[in-house]
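Shown next, in structure tokens, is the structure this report addresses.
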Amino acid sequence: MMIHNTIYCGICTLPVEFCEFGKTFKKCKLWLEDTNPEKFNNLYGSNVNNTSSLSSEKENQISSSLAKMQLKEERKQEREAENLKNSKILIKRIPRTKHKHIVAISNLEILGSDIDMKKIAKSFASKFATGSSVSKNAEKKDEIVIQGDVAEEVEEYLTALMKEKGIEVKIEHVTERFTNKKK
Ligand SMILES: [Zn+2]
């Protein structure tokens, strides 16, 4: 098959002709229907000539295994959505001296794989005019550490960011007690 003017899928990034082999076919179709109804009709309209040389038995087998795959993927996405609901961002206030605190934000990755922690850390740095960087915490996961007592401001910022992304994740505040003990 010749592909003229290849259109790349906004969901799975493959040429739209290949969406049906991916795991996000259902979403891909919705996307295409939205962005390019003409192409959508071309591919999935009811009057498409099916010139496939596959026997109908074979075809049924393939479509049923595809359906199974898609169902599995849907279940997985549901599970992930469920996990997302249950997980939360942690904003930890950690005393450095009796009056000085730093703030560590962990679990930010649950906001999505497109979250750029370095970028967020940078914007915190300029927003609060203080040091802010990404480092590994005790669980070897990335967290943003800000030099300053800005837990509330951070929550405001994150709430706005989530609103923008259309997601809802709980934010939990933790304040560590000050001890004189050195680690
Ligand atoms: Zn696709």
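Each value in this text was obtained by applying a stated rule to the coordinates, not by laboratory testing. Bear in mind that the values here come from a model prediction, so they are computed numbers and not experimental data. Cβ placement follows ideal geometry from the backbone for every residue including glycine, while neighbour counts extend to all protein chains displayed.
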What ranking do HIS99, HIS173 get, fewest neighbouring Cβ atoms within 10 angstrom at the top? HIS99, HIS173
If we count every other residue with Cβ under 13 angstrom of LYS119's Cβ, Lys/Arg +1 and Asp/Glu -1, where does the sum land? 0
Pairwise label distance in nanometres, SER135 with ASN42, each label 7 Å out on the Cα-Cβ vector: 5.4 nm
Gain in length, THR159 to ALA67, computed as 0.36 nm per residue apart minus the alpha-carbon separation, to one decimal in nm? 29.4 nm
For GLU109 and ILE171 in the same chain, what is the full-extension length gain: residue separation times 0.36 nm, less their Cα-Cα distance, in nm? 21.0 nm
Over the chain: helical MRE at 222 nm, DSSP H runs n ≥ 4 each giving -39500 (n - 2.57), nearest 500: -14000 deg cm²/dmol
Looking at the range 83-183, which GluC sites (Glu not before Pro) are DSSP coil and have at most 15 other C-beta atoms within 10 Å of their C-beta? GLU139, GLU168, GLU176
What share of Cα pairs, in percent, lie more than 27 angstrom apart in the chain? 50 percent
Exposure proxy ranking, count of Cβ atoms within 10 Å, fewest first, for SER65, SER106, SER132: SER65, SER106, SER132
